[in-house]
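The values are calculated or read from the model by the stated rules, or taken from the named source; none is laboratory data. In this text, all values refer to a predicted model and were calculated from it rather than measured experimentally. Here the Cβ positions follow ideal geometry from the backbone for every residue, glycine too, while neighbour counts run over all protein chains shown. Side chains included, ligands, DNA and RNA excluded: accessible areas come from the protein's heavy atoms. Shrake-Rupley method; radii C 1.70, N 1.55, O 1.52, S 1.80 Å.
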Amino acid sequence: MPLTSITEIRKQEILKAFYQIAISEGVENSSMAKIAKVLEVQPSLIVHYFKTKEDLVSALIDYCLERYFQIFEEEFSRPGTPSLKIKNLIERLFSKEWNDLFDDGVFYSCYSLIFRSDDIKSKFKILHEGLRKKLSLIIESYLEFKGEDKSQAEQLSHQVFTLVDGSYYFINMLSTKKEQALHLESAKKLAQTLLKIR
C-alpha cells in the first residue's frame, strides 16, 4: 500500500476520533493527548500528522464540507428532471438528514474560531461559498428547464441558504423536536415559494 494511502487512513482515524471527542466534550476541551488516548497511540503520532490543534480544526472543517457536498452530488447524479432535483434538494436541506450530517455543537464551536483565526475564517468562507455555488448550479438548471431567466440563480441560492443557516441556528434554542420540525417546515415552505416549487 503506498505511503500516501497509509497517511490518509491514519489522518482519517485521527480526525474521526477528534470529532467524537469534540461532540462529547467540545472542541475547546479536545486535545491531542485525548485523541492519542482514544486511539491508544503516543501523542507524538498525532503531532506527526497534525502539527497544531488549529491544523486539526482546519481538517475537521474540510471533513464537514465533504459531508455537506455529498447531498448535492447525490442530487446532481440522481435521475429526473431539474424540477424534481430541486424539489428533492430543498426537502433534504430542511430535514433532519441535513442537520445530522455534522454535529451542530462541533460546527458552531469551530465557527466561533473565525473571530480569532483568519485561516479558519477562510475555510468557512470557502465552505459556504462552495455550498451556495452548488445550489446555484442546480437552481440555474431548474430555471432554464422552466424557461425562466437563470441570471437570478445566484441570488436565489443566497436567499435559500440564508433560510437554511438561520433555521438551524434558531432551532437549537427550541425546546422540543416538534417545535424544531414546525420551524423547519415553515422555512422549507418559504424556500419553495422563493423558487416557485409546487
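Miscellaneous remarks
- In the range 115-125, the count of residues that are free of Cβ contacts under 8 Å to residues at least 60 places away in the same chain and under 27 Å from Leu190 (Cα atoms) is one or more.
- Flag if Leu45 is of a type in the set (A, V, I, L, M), modelled with pLDDT under 95 and crowded, with 16+ Cβ neighbours inside 10 Å: no
- Filtering Ser109, Ser141, Ser117, Ser122 for residues that are open to solvent by 40 Å² or more (accessible area, probe 1.4 Å), within 21 Å of Leu56 (Cβ to Cβ) and not charged (D, E, K, R) leaves a single hit, Ser122.
- Scan of the range 162-176 for residues that are open to solvent by 60 Å² or more (accessible area, probe 1.4 Å), under 21 Å from the mean Cα position of the chain (by Cα) and more than 25 Å from Phe145 (Cα to Cα), ordered by number: Tyr169, Phe170, Asn172, Met173
- Within the range 23-44, tally of residues that are touching a residue at least 12 places away in the same chain (Cβ under 8 Å) and either in a helix (DSSP H, G or I) or of a type in the set (S, T, N, Q) (or both): 10
- Cβ-Cβ contacts under 8 Å between residues 6 or more apart (or on different chains), taken from a first residue in the range 184-196 that is over 15 Å from Ile139 (Cα atoms) and part of a helix (DSSP H, G or I) to a second residue that is open to solvent by less than 20 Å² (accessible area, probe 1.4 Å) and not β-branched (Val, Ile, Thr), are listed as Leu184/Phe94; Leu184/Ser167; Glu185/Phe94; Ala187/Phe94; Ala187/Ser167; Lys188/Leu93; Lys188/Phe94.
- Given (1) under 30 Å from Lys133 (Cα atoms); (2) open to solvent by 50 Å² or more (accessible area, probe 1.4 Å); (3) outside the structural domain of Lys146 (by TED's automatic domain parsing); (4) β-branched (Val, Ile, Thr), index of the condition Val27 fails: (2)
- Checking Glu91, Glu97 one by one, the residue that is at pLDDT 90 or above, of a type in the set (Asp, Glu) and open to solvent by 30 Å² or more (accessible area, probe 1.4 Å) is Glu91 and no other.
- Residue in the range 137-155 that is nearest to Lys85 (Cα to Cα), counting only those that are part of a helix (DSSP H, G or I) and out of contact with any helix residue (DSSP H, G or I) (no Cβ under 6 Å at 6 or more places or on another chain): Leu137
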